[in-house]
Amino acid sequence: MPEALILLLALVVAGSAVLLPLRPGSASPPPADDDLEAAALRHRVALEALRDVEADRRAGSLDDASYAAQLAEAESRAADSRAARTRAALGAGRAAAAPPPSVRGRTAAAVTAAVIGLALFVGSLVPATGIANETTVNEGLAAVRDAESARQERIAELRAELADDPMDAGALSELADAHLAGTSTDDLARAAVALQLLISVDPDRADAYERIMAAYLRAGDHANARAAWSSYAERPSADPAEIAFFDGLIALRGEDDPERAVEAFDRFLELASDDPRAPMIRGLRDEAASAP
């Protein structure tokens, strides 16, 4: 009996929500423009892409260079979609009030109300799954919290090790990776410090240069990324393909120099055409080549 009353109330509310605005003499603002909804959806997809990049990095499926490139690409798309959503919202706000609904509109609304009522009735017969879904979400959040707790514990352990031996290259490298697994600006700054110390201990450590450039790019510190690139390019241990990769990425994302970016990406594709990042580099090259 309570379920029937709840269902009846839901049907009344649904019908009223659709039909009351259509009674004679009523005038309500038009629904949100489809362009605004599409722009909002595209922005949500872009934000999900950012989260996916972070998730792939935590899962260890991306190296530092790939992570930096994919993160820069995802951030660029998110910025573009956010701007598009803002433009769509402004356009919807300037739209003139719609005229009173026609008879055809009232008929369509009545049909809509009937469909909503039918959907509510059918939905009342389907077993609820909300608890299961909530449990899944809670388990996911718990896993994220556990992973973060483990990361912080490991950072504390590595700092204790370095207090005893500040020149321990292995501990410095692992500490940098632990901070790079984080998402805060503070983590990026601490990772950069650890990598600077690692480079001072082992100046020919190419992976340290590559990781510190990736950290600077993530932080938006393009000046220091270029400075690190200049030092890296002079090292005999530097990988020519990585030199080209970071050269193009810094030029495109931080220096507004598409010509240099195109040249650098072309060098990378010549040197490492079978690299897994090659499709992404071709996309970045096309982006740079089409820049005004």
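Some observations on this one:
Residue-by-condition table, conditions (1) surrounded by fewer than 23 Cβ atoms within 10 Å (Cβ to Cβ); (2) out of contact with any Lys or Arg (no Cβ under 9 Å at 6 or more places or on another chain); (3) more than 17 Å from Glu75 (Cα to Cα); (4) touching a residue at least 24 places away in the same chain (Cβ under 8 Å):
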residue: Arg190; (1), (2), (3), (4): yes, yes, yes, no
residue: Glu210; (1), (2), (3), (4): no, yes, yes, yes
residue: Tyr216; (1), (2), (3), (4): no, no, no, yes
residue: Ser230; (1), (2), (3), (4): yes, yes, yes, no
residue: Ile250; (1), (2), (3), (4): no, no, no, yes
residue: Gly254; (1), (2), (3), (4): yes, no, no, yes
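- Filter result for the condition that a residue is over 23 Å from the mean Cα position of the chain (by Cα) and not assigned by TED's automatic domain parsing to the domain that holds Gln70, over Arg226, Arg285: Arg226
- Looking only at the range 140-170, residues that are under 26 Å from Leu71 (Cα atoms), without any contact (Cβ under 8 Å) to a residue 40 or more places away in the chain and of a type in the set (Gly, Ala, Ser) come to 5 in all.
- Odd one out for Asp256 among (1) in a helix (DSSP H, G or I); (2) more than 24 Å from Glu54 (Cα to Cα): (1)
- Scanning the range 209-243 for residues that are among the acidic types (Asp, Glu) and in a helix (DSSP H, G or I) yields Glu210, Glu242.
- Residue check for Leu188: in a helix (DSSP H, G or I) and either more than 24 Å from the chain's Cα centre (by Cα) or outside the structural domain of Gly170 (by TED's automatic domain parsing) (or both): no
- In this structure, Phe265 qualifies as in a helix (DSSP H, G or I), of a type outside the set (Lys, Arg), modelled with pLDDT of 95 or more and over 21 Å from the mean Cα position of the chain (by Cα).
- Condition check for Ser200: surrounded by fewer than 18 Cβ atoms within 10 Å (Cβ to Cβ), outside any loop (DSSP other than H, G, I, E, B) and assigned by TED's automatic domain parsing to the domain that holds Ala181: yes
The values are calculated or read from the model by the stated rules, or taken from the named source; none is laboratory data. What you are looking at is a predicted structure, and each value in this text was computed from that prediction instead of being measured. Cβ coordinates were reconstructed from backbone atoms using ideal geometry, including for glycine residues, and neighbour counts include every protein chain displayed.
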